[in-house]
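As structure tokens, the structure follows; a few thoughts come after it.
Where a number appears in this text, it was derived from the coordinates with a stated rule and is not lab data. Since the structure is predicted, the reported quantities are computational estimates derived from the model, not experimental observations. Please note: Cβ atoms are built from the backbone with ideal geometry, for glycine as well, and neighbour counts cover all protein chains shown.
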């Protein structure tokens with residue numbers, strides 16, 4: 001199978017390219033130096049007819065706070081880009097996989113969000129990613145939208161690395177305990193994307209997050225435990241202590257019924273997956 005991975009130099013993109021190579025697929029990885037996904041001519045030059053079987057869009061404007069003051073620019077990357085990629089993939093007769101986010105929801109639920117729950121983003125980032133989902137559905141019937149959240153990995157900045165670096169110079173960390181989500185390893189998400197495509201999953205929306213749930217405080221405790229620094233105290237606080245330009249969802253837990261319905265197991269419990277991931281994620285610190 002011939003794959004094109006857009007955003008291949010990012011944290012998820014690098015793990016996806018590695019997973020595809022390991023599975024024996026033909027893979028081309030491109031990033032912003034090769035393709036401008038906001039420009040139709042640039043996209044069409046890369047996604048030529050019959051050149052790929054699968055196009056995966058890992059590229060995104062992920063600077064959540066900056067999106068509040070740069071929404072047009074974020075919209076270009078998160079909505080126009082997916083629209084152009086979906087249109088080109090449709091012409092090329094390639095399946096499109098669009099990576100999306102929990103931020104398309106309001107974050108005020110008390111039970112896991114279903115795949116078909118109404119979008120209600122509260123931030124510019126969420127609005128632009130929701131628009132990207134809409135564009136993909138409109139432009140290409142053979143799509144897989146895979147929402148994820150709280151991503152961490154070895155190949156980019158992420159929460160565990162930040163906590164570990166802070167723990168190296170402090171004896172106390174304060175972390176919010178009123179935002180709940182699903183810490184998800186990029187290696188696991190890459191493997192799920194591969195399983196979805198190889199299984200011939202029906203077009204639609206799926207949730208690519210770990211099972212279970214934790215607060216940032218709970219995740220920080222697990223991270224510090226993995227650093228072998230029992231002397232570092234992790235203390236809980238509320239979101240009011242860390243006011244940011246963009247609102248953060250209080251509840252970002254996503255359900256996995258769509259995966260189970262097609263016989264694909266969701267990613268395992270977040271704590272078990274972190275125990276597996278921690279050595280590779282923290283290795284260079």
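Quick notes on this structure:
- The stretch between residue 269 and residue 165, if pulled fully straight at 0.36 nm per residue, gains 34.9 nm over its current Cα-Cα span.
- Within the chain, antiparallel bridges make up roughly 5 percent of the DSSP beta bridges whose residues both belong there.
- The value for the range 121-260 of Rg(Cα) / (2.2 N^0.38 Å) is 1.20.
- Solvent-free Debye scattering, log10 I(q)/I(0), computed from the Cα coordinates of the range 64-121 at q = 0.21, 0.23, 0.26 Å⁻¹: -0.95, -1.01, -1.07
- Cα long-axis angle, helix 124-139 against the chain (0 to 90 degrees, to the nearest 10): 30 degrees
- Dimensions of the chain based on its C-alpha atoms, expressed as ranges along the principal axes with the largest first, amount to 58, 39, 38 Å.
- In the range 182-285, the alpha-carbon atoms span a convex hull of 134 Å³ per residue.
- Inter-site label distance for residue 283 and residue 120 at 7 Å from Cα along Cβ, in nm: 4.3 nm
- Translational diffusion coefficient (Stokes-Einstein; Kirkwood radius from C-alpha pairs) of the range 1-124 at 37 °C, 0.692 mPa s, in µm²/s: 212 µm²/s
- FRET efficiency, residue 260 to residue 23 (Cβ-Cβ, R0 30 Å, nearest 0.05): 0.85
- Short-range pairs are left out: with C-alpha atoms under 8 Å and at least six residues apart, the relative contact order of the chain is 20 percent.
- Note on the range 136-218: antiparallel DSSP beta bridges, both residues inside, total approximately 25 percent of the bridges counted.
- Contact order, relative form, for the range 99-164: 38 percent (alpha carbon pairs under 8 Å, 6 or more residues apart, mean separation divided by residue count).
- A straight chain from residue 134 to residue 108 at 0.36 nm per residue would run longer than the Cα-Cα distance by 7.2 nm.
- 0 to 90° range, to nearest 10: angle between helix 216-227 axis and the chain longest Cα axis: 80 degrees
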